[in-house]
Amino acid sequence: MISIKGLSKAYGSIDTSLLIVLKNIHLHIEAGEFVAIMDPSGSGKSTLLNIIGALDTFDAGSYHFNGQNVPELNRDALAELRLNNIGFVFQSFNLIPQLSALANVELPMLYTRLKKTTRQKAAVKQLTTLGLADRLDHKPGELSGGQQQRVAIARALANDPALIIADEPTGSLDTETGIEIMQLFQSLNRQGKTIVMVTHEEDIAAYASRIVRMRDGKILKNVSAA
Amino acid sequence: MSRWLSNVAQALQALNVHRRRAALSVLGITIGIAAVMAVGTISRGGNHLIYRELETFGLNSVWLYRNWNTQDVSLREKRGSGIENADYDGLNRDREQLGIRHISPIVDAPHNWISKQGNREANAQIIGVGRDYTTIANDKLIAGRLFNQNDIDTRQAVVMLAPQIVSILIEPGTDPIGQQIYIDGKRFLVVGLLAEKSRDFLASIGSSGGQNANDRILLPYTVIQRMLGHKEIRNLQLEVEEFDEAETVAQNARQRLLDNHPKGFDYRAETMASYIETTNRILNGVAIIGIVSASISLLVGGMGIMNVMGTAVLERTREIGVRKAIGAREKDIMTQFLMEAGLISAIGGLMGLLVGTVASIVLAKVTGFPLIPSPMQVMLALVISIVVGLLSGFFPARRAARMKPVKALRSE
């Protein structure tokens, strides 16, 4: 599904001090995998995650998503790629504050031009599955952290993407809620979703089927979890 | 359709977050649109009023007078009006060829002629006219009959009265038609009553055209000539066939008079068409001033929207980033912010219509101008307000649409 070869990215120009965040990255992720990317230092792992999520660009190397050469896509095609194939889960949930839980989950389907009734039905179903049936009309500010993250997951699943990208999904949650979210990820993974997650916590990374360790913008080694 | 409704709903929710800020820019547009409507009402009402009053002179009218202000001193020496019955007969005979539909001589009676009935006296404008005068001057008959050719040819002692004279001379509660009145000691039969003619507005702006038309007594010009013992005509009033030809017809008729009286008199011809042209120029000038000032308030309203949307885009950078990560295309983001700007101005426009309508009604009451509703203007005001909103929302919306997703996501 994801094929990254010799990928590098740097900030700044040659004249100023060049900050190299990703160096010669090789990474292959098959459909159905649950991969955790760990990096105790720097922001390289988030940048890599953004590149995988077709949100960010890079300077050298190649990235193919399902055979598509991602750097060749224009902005609208990138938006379509994210819309149909990728669901994002963030550390700070990133729900739209003025919209209800239901409207937040409907949003990606609004962008795929689904009908109102279809959207609403799907969003209600998704939220119900995630145990939020009685929170449909709540605004994000009226929900607990764990509830907000579950709304965000419901939103990420709205267009039934093959890939879920999660940037420190438990970073803003207490341990217990974090474990619940990880169990939810595992169950999504069992249902066939490919998940790529960035975390700095070993016990969170342990829920993944593979751990990719990075340091100073380089991949150290690929470890398969037990 | 449902997508648009959802977009509208989302835009409303977003505006609701900063109600006060949105309300201020709505107010800007409201004032702008209300101003546009008020200016339109005043301009249309004034127009209508002026035309209604100009109509009382006959829109196709041409007047021929002796020109006393001619440069040629020799043409100022002779006495008299310089127009005689023979001139009238000549022009009347060649009407078709000259493009004249109707023509009437006008002969004034001296100002000291008193009209009376019993012990009631009136100081009226006593005017001798031809058969077609009432047609040319747009006079409407409310009772009795108009003059006929026989009245003119056989010098019948008949009169038509304007309303003010009726109320002064005729005993209240009696039918004026068939009654007798005395003019300069001679007895006349009332055969017709003329409808009221309003020239209040022209009078109020000091126009010489604001002369009262309601204190006229009309009689056959031949009768006045007989009483005065001459065959002179003070001036001729014509109705031209084609409004657009008025100036040409006027000049040709004037040339006829010049030809009839070689080296005797000079003449001037005035056309209603040229008065109307002048009036239009003035009215357009006034309208342009109004439109410019109304546009300035709309412009200020538009800048208000631009400011509000610019702030919104900055504040909601993270939201824009999230929406892009979720898969929003640039045009989705663009639509979203344009929708918000458009809603502000549409709401402002609707409120402006309301305020403008109330203002128009009040203004019409205060000025006495007629209130003329214009659905066209209502549509135009709405379209303008939405266009202003979309134009002012465009640049902030485009800035939002073009944001780099990662950068936008990182902002606090």
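Coordinate-derived values only; no laboratory data. In this text the structure is predicted, and so the values were computed from the model without any measurement. Note that we place each Cβ from the backbone using ideal geometry, even for glycine, and neighbour counts take in every protein chain shown.
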Between the DSSP loop rule and a limit of at most 14 other Cβ atoms within 10 Å, which trypsin sites (Lys or Arg not before Pro) in segment B:123-225 are left?
B:Lys140, B:Arg145
What whole number of Å gives the distance from the Cα centroid of segment B:135-183 to the Cα centroid of segment A:70-84?
89 Å
Long-range amide H partners of B:Asp108 with built H, under 5 Å
B:Gly128, B:Arg234
Taking chain A as the reference, fit the longest principal axis to its C-alpha atoms, fit the long axis of helix A:101-111 to the helix C-alpha atoms, and give the angle between the two in degrees, 0 to 90, nearest 10.
60 degrees
With axes computed from alpha carbons, what is the tilt in degrees of helix B:19-55 against the longest principal axis of chain B, rounded to the nearest 10 within 0 to 90?
10 degrees
The size of the Cβ-based charge dipole (Lys, Arg +1; Asp, Glu -1) of the protein assembly as shown about the Cα centre, to the nearest 20 debye, is 1340 debye
In 5 Å bins starting at 0, how do the alpha-carbon pair distances of segment A:122-226 split up by percent?
2, 11, 22, 23, 18, 12, 6, 3, 2, 0
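For segment B:68-265, what is the convex hull volume of the alpha-carbon atoms per residue, in Å³? Could you put the intermediate results ahead of the total?
Details: hull volume 29.0 nm³, N = 198.
Given the Cα convex hull of segment B:68-265, per-residue volume reads 146 Å³.
Mind giving me the FRET efficiency for B:Ile114 and B:Leu258? R0 is 30 Å, r the Cβ-Cβ distance, nearest 0.05 is fine. Please report the intermediate quantities before stating the final value.
Values: r = 38 Å, r/R0 = 1.26.
The computed FRET efficiency comes out at 0.20.
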Counting just the Cα atoms, what span does chain A cover along each of its three principal axes? Round to the nearest Å and put the largest first.
53, 38, 33
Suppose we flag trypsin sites (Lys or Arg not before Pro) only when DSSP calls them loop and at most 15 other Cβ atoms lie within 10 Å. Which is the longest uninterrupted stretch of chain A?
A:1-112
Those trypsin sites (Lys or Arg not before Pro) from segment B:15-78 that are DSSP loop and have at most 14 other Cβ neighbours within 10 Å turn out to be B:Lys78
Does anyone have the angle between helix B:246-260 and the longest principal axis of chain B? Alpha-carbon axes, 0 to 90°, nearest 10?
20 degrees
Quick one: which residues, 5+ away or cross-chain, put their amide H under 5 Å from the amide H of A:Ile37? H built at 1.01 Å from N.
A:Met197, A:Val198, A:Thr199, A:Val212
Any idea which of B:Asn92, B:Ile224, B:Gly130 is furthest toward the positive side of the dipole for segment B:68-265, if Lys and Arg beta-carbons carry +1 and Asp and Glu beta-carbons -1?
B:Ile224
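Return the Rg/Rh value of segment A:1-133, two decimal places, where both radii are evaluated on C-alpha atoms and Rh is the Kirkwood radius. Please report the intermediate quantities before stating the final value.
On the way: Rg = 17.7 Å, Rh = 17.2 Å.
My calculation puts Rg/Rh at 1.03.
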GNM top mover of B:Pro110, B:Pro375, B:Pro220 - chain B, alpha-carbon springs below 10 Å
B:Pro375
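Under a point-charge model restricted to the Cβ atoms of Lys and Arg (+1) and Asp and Glu (-1), what is the dipole moment magnitude of chain A relative to its Cα centre, in debye to the nearest 20?
Details: 23 positive and 23 negative charges, 126 e Å.
The calculated dipole for chain A is roughly 600 debye.
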Straight-line reach check, B:Lys116, cutoff 28 Å on alpha carbons, 8 or more apart in-chain or any other chain, hits among lysines -> B:Lys140, B:Lys186, B:Lys197, B:Lys231
Step through the residues of segment B:172-179 one at a time and calculate ³J(HN,Hα) from phi using the Karplus curve (6.51 cos²θ - 1.76 cosθ + 1.60, θ = phi - 60°), rounding each to whole Hz and writing x for Gly and Pro.
x, x, 10, 7, x, 5, x, 7
Along the charge dipole of segment B:68-265, pointing to its positive end and built from +1/-1 on Cβ of Lys, Arg, Asp and Glu, which listed residue (B:Val159, B:Pro110, B:Phe265) has its Cα farthest out?
B:Pro110
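Report, please, the projected area of segment B:24-83 averaged over directions, based on the convex hull of its C-alpha atoms, in nm². List each step's numbers first, then the result.
Numbers: hull surface 31.0 nm².
Its average projected convex-hull area is 7.7 nm².
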Expressed to two decimals, segment B:187-264 has a Cα Rg over Rh, using the Kirkwood radius, of 1.04
About the Cα centre, charge dipole magnitude for chain B (Lys/Arg +1, Asp/Glu -1 at Cβ), debye
2460 debye
Based on the Cα coordinates of the protein assembly as shown, what is the per residue volume of their convex hull in Å³?
245 Å³
Reachable lysines from A:Lys125, Cα under 27 Å, same-chain residues fewer than 8 places away excluded?
A:Lys115, A:Lys116, A:Lys139, A:Lys193, B:Lys324
Let me know the mean shielding of B:324-337 by other chains, meaning the per-residue number of their Cβ atoms within 10 Å of its Cβ.
6
Amide H proximity to A:Leu22 below 5 Å, modelled H, separation 5+ or other chain, gives A:Lys9
Run through all the Cα pairs of chain B and give the fraction in each 10 Å bin from 0, expressed as whole percent.
4, 17, 19, 15, 11, 10, 9, 8, 5, 2, 0
